[in-house]
Amino acid sequence: MVRRSRLDTYFDILAVINRGIVKPTKIMYKTNLSWTVLQDMFNTLVNGGFIKEETMLTSKRYYVTDKGKNALSYHLKSLDGLSKADEIFST
């Protein structure tokens, strides 16, 4: 089993939220993280401006900001470029 890097985990959270999953518990299950780790990562992403947190009565919702969407887009493009490079060099 390969462990994810902290950076990969941040991008996993951004991708899940970007797909429309905005409730913290559902994000936790989709990203396979513990509650305490997820809370720490939420704090980092909110403070960095990658996601925004909205409180609705007694619950919270998370949304990807434009900065977060740009970061996710660049990340996915770089992964795509790496997979294409891998195809070129493996032949």
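A few points about this structure:
- In the stretch 6-31, the residues that are more than 12 Å from the chain's Cα centre (by Cα) and farther than 16 Å from Glu54 by Cα: Tyr29
- If only residues of the stretch 36-81 that are exposed (fewer than 10 other Cβ atoms within 10 Å of the Cβ) and not polar (S, T, N, Q) are counted, the one that is farthest from Asp12 (Cα to Cα) is Leu57.
- Residues of the stretch 30-57 that turn out to be within 20 Å of Val2 (Cβ to Cβ) and either of a type in the set (Ser, Thr, Tyr) or touching a Phe, Trp or Tyr at 6+ places or on another chain (Cβ under 8 Å) (or both), as a count: 3
- Subset of the stretch 10-36 (residues that are assigned to a helix (DSSP H, G or I) and free of Cβ contacts under 8 Å to residues at least 24 places away in the same chain): Asp12, Val16, Thr25, Lys26, Met28, Tyr29, Lys30, Thr31, Trp35, Thr36
Each reported figure results from applying straightforward, stated rules to the coordinates on display, with no laboratory input. For clarity, every value in this text was computed on a predicted model and none was experimentally measured. Reconstructed Cβ throughout: ideal geometry from the backbone, glycine too, with neighbour counts over all protein chains shown.
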